[in-house]
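Asks: Sharing a structure, written as structure tokens. Questions coming.
The values are calculated or read from the model by the stated rules, or taken from the named source; none is laboratory data. As the structure is a computational prediction, the values presented were derived from the model and not from experiment. FYI the Cβ positions are ideal-geometry reconstructions off the backbone, even for glycines, and counts take in every protein chain you see.
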Amino acid sequence: MDKLVLIDGHSILNRAFYGVPDLTNAEGLHTNAVYGFLNIMLKILEEEKADHLAVAFDLPAPTFRHKMFDAYKGTRKPMPEELREQVPLMKEALTAMDIPTLTLEGFEADDILGTVAKRCQKEGIDVAIVSGDRDLLQLADEHIKIRIPKTSRGTTEIHDYYPEDVKREYQVTPQEFIDVKALMGDSSDNIPGVPSIGEKTATSLIAAYGSIENAYAHVEEIRPPRAQKALAEHYDMAQMSKELATICTDCPVDFTYKDAAVENLYTAEAFKFMKRMGFKSILTRFDASAAEEDTIKAKEHFRVVTDKKEADQLFKKAKKADWTGLQLIFGTETSQGEEHNEQLSFSFDASGELRSGKKAKSGCPLVVGLGLCLGTEDIFCIRAQGELGQDELIRQTRELCQKDKPVWVLDLKAMLPVLKLEDTAPVYDAGVAGYLLNPLKDAYGYDDLARDYLAMEIPSQSDLIGKALLGDRLVQEDEKAADCVCYMAYTAWKAAEVLKKRLCEEDMYSLYTEIEMPLIYSLFHMEQEGVKVQREKLKEYGDKLKTGIARLETEIYQDTGREFNINSPKQLGEILFGEMKLPGGKKTKTGYSTAADVLEKLAPDHPVVQKILDYRQLTKLNSTYAEGLAAYISEDGRIHGKFNQTITATGRISSTEPNLQNIPVRMELGREIRRVFVPKDGCVFIDADYSQIELRILAHMSDDAGLIEAYRESRDIHAATASQVFHVPLKEVTSLQRRNAKAVNFGIVYGISAFGLSEDLSISRKEAKEYIERYFESYPSVKAFLDGLVKQGKEQGYVTTLYKRRRPIPEFKSSNFMQRQFGERVAMNSPIQGSAADIMKIAMITVDRELRARGLKSRIVLQIHDELLIEAPKEEEQEVKALLVDQMKHAASLKVSLEVEAQTGDSWFDAK
């Protein structure tokens with residue numbers, strides 16, 4: 001028998017919106033409802049093995065077929081804005097997949113579905129209706145199956161209903177289900193129902209009498225008396241509700257079964273849409289032809305070059321071109337075959353990021369190929385082989401990058417071990433440019449840039465070669481690997497002008513060329529240098545932690561009266577709140593909450609809770625640092641971590657593999673980890689830290705006279721604030737008042753609320769509110785400045801730092817109050833935190849340059865938020881310390897001076 005799938009468009013979109021976690025694409029569009037809808041739709045089609053499909057939608061502002069419907073259904077609650085913006089996206093997806101959509105003036109989607117289903121059933125067609133709305137159960141019939149998806153945490157289960165299923169679950173037939181709905185009412189559908197009759201009573205009445213009319217005919221028999229009275233007094237309301245609840249099955253919709261035939265869902269247009277939305281899992285359903293159709297023109301000009309003479313001609317032409325796109329491709333020792341094993345290399349992933357390995361004899365990663373683009377018809381993959389080997393490719397590439405013509409690449413930092421360029425070279429990183437234009441994304445690969453800035457959908461590396469290493473596949477003469485290399489160079493070339501224009505339009509080109517591009521070289525130098533770690537001391541530290549963990553474990557068992565798994569939130573919650581009856585227990589689906597904020601409130605009055613918190617700290621220190629750091633120590637005894645500039649939305653540098661910016665400082669035993677970081681023999685560490693840089697930036701940006709005066713007179717800013725907030729002379733400020741004022745000072749920078757401050761200081765919300773109000777009374781320009789940032793963020797959709805760095809704030813568009821509040825905090829904090837990050841980057845660049853310009857051997861080895869750590873030969877100590885302080889202090893010219901605290905020591909702990 002033929003099969004037709006009908007989908008209730010708005011219902012499934014709504015169900016997916018609330019069932020799938022919030023998702024956004026590169027444009028900042030919300031996509032979770034569309035993603036959930038498509039997954040449900042594709043799952044249903046596979047299960048039904050159907051090749052006929054249609055989706056029905058309500059019209060935006062329908063005029064209903066009955067005036068009564070306008071009065072009731074016309075007053076439904078509006079959908080959230082994040083969902084509303086996905087409705088046209090959903091229709092765009094369906095159109096791209098050649099799926100018909102059905103609407104009809106004066107009728108709802110339910111009516112269209114009911115009409116089409118009954119019409120097709122009469123023609124001998126099996127119908128499956130997919131909806132999240134139980135109203136459609138009234139349509140269940142011998143050949144009409146109602147399928148209701150239930151989505152939770154991204155997982156969807158679908159419940160099926162034929163007439164017998166409706167009867168079994170709801171005790172009434174599909175037709176009788178209308179009467180149940182009419183009696184009980186439905187606020188979401190604005191069906192009033194009968195007062196005092198709920199679902200249970202409505203079901204029992206209709207199960208007994210079969211219809212509202214028959215129940216009314218026997219109204220004197222109805223029990224309980226409350227229901228009898230309600231139906232007798234509101235019978236007219238019941239009849240009207242029944243009409244509202246009844247789905248029309250004969251509306252004049254223009255539809256035939258043939259109209260719903262679906263031949264190919266996975267079209268080239270659908271591929272473009274899925275790429276634009278970022279639906280990677282759905283993209284795997286498309287075949288290669290759909291992926292390549294849009295890029296066939298560029299691909300026609302891809303060429304693989306292995307001849308040295310031809311490559312020489314290309315490089316000569318490249319040096320004369322207005323600009324070039326370029327991408328070095330690295331390989332592993334295994335990619336070269338056994339006969340080349342004497343030349344071991346670093347292992348790089350496809351984007352050029354270092355994975356692991358040993359240096360080749362040449363002292364640099366192994367280059368196996370190069371992508372080179374000179375124009376729309378000059379796109380080449382140059383493979384290293386024969387006379388055109390690694391050394392020749394490196395030489396030619398380095399010469400090209402040192403000419404006066406711009407060269408655009410992807411991930412310049414990964415190429416610097418080979419290119420060894422100065423930061424004055426005219427080489428530009430397209431990925432970093434993309435990051436500045438949209439810092440909220442999580443990837444800036446060539447396919448992302450092509451989609452976001454060139455309106456091109458090109459196959460990604462994973463589309464072409466899956467998870468294989470690009471260099472390895474290129475050596476094996478894989479055609480798709482060569483295509484991937486060409487796409488990289490082509491995108492870097494083609495996106496160059498667009499990226500530069502956009503950066504200029506958004507006033508960020510100076511930020512790009514004067515801070516972000518030079519920073520690449522400083523980060524590279526720091527990663528190459530690494531920082532020495534003493535294995536023996538790290539082991540001693542781990543042993544010390546394990547002793548502390550064992551001691552705390554024993555004491556916790558003694559205090560609770562039995563042994564259990566302290567790391568199990570469920571077991572811990574049962575013991576603290578179930579057995580010991582501690583106050584403040586919060587039940588969740590999996591048991592009592594034992595989150596840090598819950599335990600921290602109990603710790604002052606219950607010693608065992610403090611021991612549990614300490615136990616958690618020590619076990620984390622042990623796994624993350626004592627054991628975790630050891631895995632990153634290289635053969636030279638140093639950790640060469642990665643420092644990233646395209647991850648944080650505020651512009652801060654982040655640290656990974658390992659994360660050295662997360663070294664704990666509050667707990668004494670946490671600070672002890674810094675002792676294992678030491679300078680090499682004959683050297684010392686010099687550590688310099690900005691003092692209250694964010695508060696100083698706040699003073700400058702807000703132009704608050706009181707704050708500026710306090711800094712210019714070198715007052716203790718926290719004591720000065722305490723004096724203002726608590727109305728006491730400066731000399732009489734207590735240590736507690738100063739601590740509280742410090743929390744207010746830094747809290748203001750982060751847009752702290754009265755609730756947040758009350759939690760931090762363990763005071764009432766009213767008291768915290770008064771603290772904040774007094775602060776703003778003392779520094780009125782700060783209040784005006786922060787309010788202005790929120791206003792700017794709402795009007796423009798972004799805020800900016802002193803150096804014009806933009807931080808988009810899509811949260812302001814959210815219908816969720818908590819999200820909008822978060823947006824306000826982002827608007828207040830990002831310009832300040834981002835400006836601090838920009839200043840630190842400037843300082844880092846100038847310090848790095850100055851050390852090299854003076855011919856000093858000292859080098860930056862770590863950057864941690866507002867702190868720089870330098871490894872300096874002892875004979876350079878005084879000069880470098882003075883240089884470091886001077887460059888950091890003068891990295892920016894503010895209305896208040898930047899202050900830097902610098903110390904030296906034989907370990908990071910001592911220097912800090």
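Asks: How about the range 77-110: which of its residues are among the aliphatic types (A, V, I, L, M) and part of a loop (DSSP other than H, G, I, E, B)?
Replies: Selection gives M79, M97, I99, L104.
Asks: Can we say R738 is touching a His at 6+ places or on another chain (Cβ under 8 Å) and either farther than 19 Å from I832 by Cα or free of Cβ contacts under 8 Å to residues at least 24 places away in the same chain (or both)?
Replies: yes
Asks: Another one. Give the residue, chosen from V485, V475, that is touching a strand residue (DSSP E or B) at 6+ places or on another chain (Cβ under 7 Å), surrounded by 24 or more Cβ atoms within 10 Å (Cβ to Cβ) and at pLDDT 95 or above.
Replies: Going through V485, V475 in turn, the sole match is V485.
Asks: Could you please find all residues in the range 529-543 being farther than 14 Å from Q863 by Cβ and either β-branched (V, I, T) or under 29 Å from the mean Cα position of the chain (by Cα) (or both)?
Replies: Correct list: V533 only.
Asks: Oh, and also: Any residue in the range 651-674 that's in the same structural domain as L545 (by TED's automatic domain parsing) and closer than 18 Å to A836 by Cα: show its pairings with residues that are acidic (D, E) and modelled with pLDDT under 90 at Cβ separation under 6 Å, as long as the two are six or more apart or on different chains.
Replies: Matching pairs, first to second residue: none at all.
Asks: Determine which single condition P426 fails, assuming it passes every other condition in (1) in contact with a helix residue (DSSP H, G or I) (Cβ under 7 Å, 6 or more places away or on another chain); (2) modelled with pLDDT of 95 or more; (3) of a type outside the set (V, I, T); (4) more than 30 Å from F271 (Cβ to Cβ).
Replies: With (1) in contact with a helix residue (DSSP H, G or I) (Cβ under 7 Å, 6 or more places away or on another chain); (2) modelled with pLDDT of 95 or more; (3) of a type outside the set (V, I, T); (4) more than 30 Å from F271 (Cβ to Cβ) applied to P426, the lone miss is (1).
Asks: If we only count helices (runs of 4 or more DSSP H) wholly inside the range 412-516, which ones have 1 or more residues that are of a type in the set (F, W, Y)?
Replies: 430-437, 446-454, 479-505
Asks: Condition first: crowded, with 17+ Cβ neighbours inside 10 Å and at pLDDT 90 or above. Can you find one or more residues in the range 60-83 that meet it?
Replies: So far as the range 60-83 goes, yes, one or more of its residues are crowded, with 17+ Cβ neighbours inside 10 Å and at pLDDT 90 or above.
Asks: While we're here: Report every pair of residues separated by at least 6 positions or lying on different chains whose Cβ atoms are under 7 Å apart, first residue within the range 183-199 and in contact (Cβ under 8 Å) with a residue 12 or more places away in the chain, second of a type in the set (D, E) and surrounded by fewer than 17 Cβ atoms within 10 Å (Cβ to Cβ).
Replies: M184/E199
Asks: Does S815 satisfy being surrounded by 17 or more Cβ atoms within 10 Å (Cβ to Cβ) and either among the acidic types (D, E) or more than 25 Å from A911 (Cβ to Cβ) (or both)?
Replies: No, not satisfied.
Asks: Being small (G, A, S) and outside any helix (DSSP H, G or I) is the filter; apply it to the range 229-285 and report the residue that is surrounded by the fewest Cβ atoms within 10 Å (Cβ to Cβ).
Replies: Out of the qualifying residues, it is A261.
Asks: Could we say that Q737 is touching a Phe, Trp or Tyr at 6+ places or on another chain (Cβ under 9 Å) and of a type outside the set (A, V, I, L, M) here?
Replies: Working: touching a Phe, Trp or Tyr at 6+ places or on another chain (Cβ under 9 Å): yes; of a type outside the set (A, V, I, L, M): yes.
So Q737 passes the test.
Asks: Another question about this same structure. So for the range 860-870 (the condition being surrounded by 20 or more Cβ atoms within 10 Å (Cβ to Cβ) and assigned to a helix (DSSP H, G or I)), does at least one residue qualify?
Replies: no
Asks: Where residues in the range 783-826 are part of a helix (DSSP H, G or I) and among the polar types (S, T, N, Q), which of them is farthest from P80 (Cα to Cα)? It would help to see each step written out before you state the result.
Replies: Within the range 783-826, the first condition is being part of a helix (DSSP H, G or I), and the residues that meet it are 783-796, 810-813, 817-826.
Keeping just the survivors that are among the polar types (S, T, N, Q) gives 792, 796, 819, 821.
On the way: Q792: 23, Q796: 21, Q819: 13, Q821: 16 Å.
Once the filter is applied, the top-ranked residue is Q792.
Asks: Another question about this same structure. V127 versus (1) modelled with pLDDT of 90 or more; (2) in a helix (DSSP H, G or I); (3) touching a helix residue (DSSP H, G or I) at 6+ places or on another chain (Cβ under 8 Å): which is the lone unmet condition?
Replies: So the condition that V127 fails would be (2).
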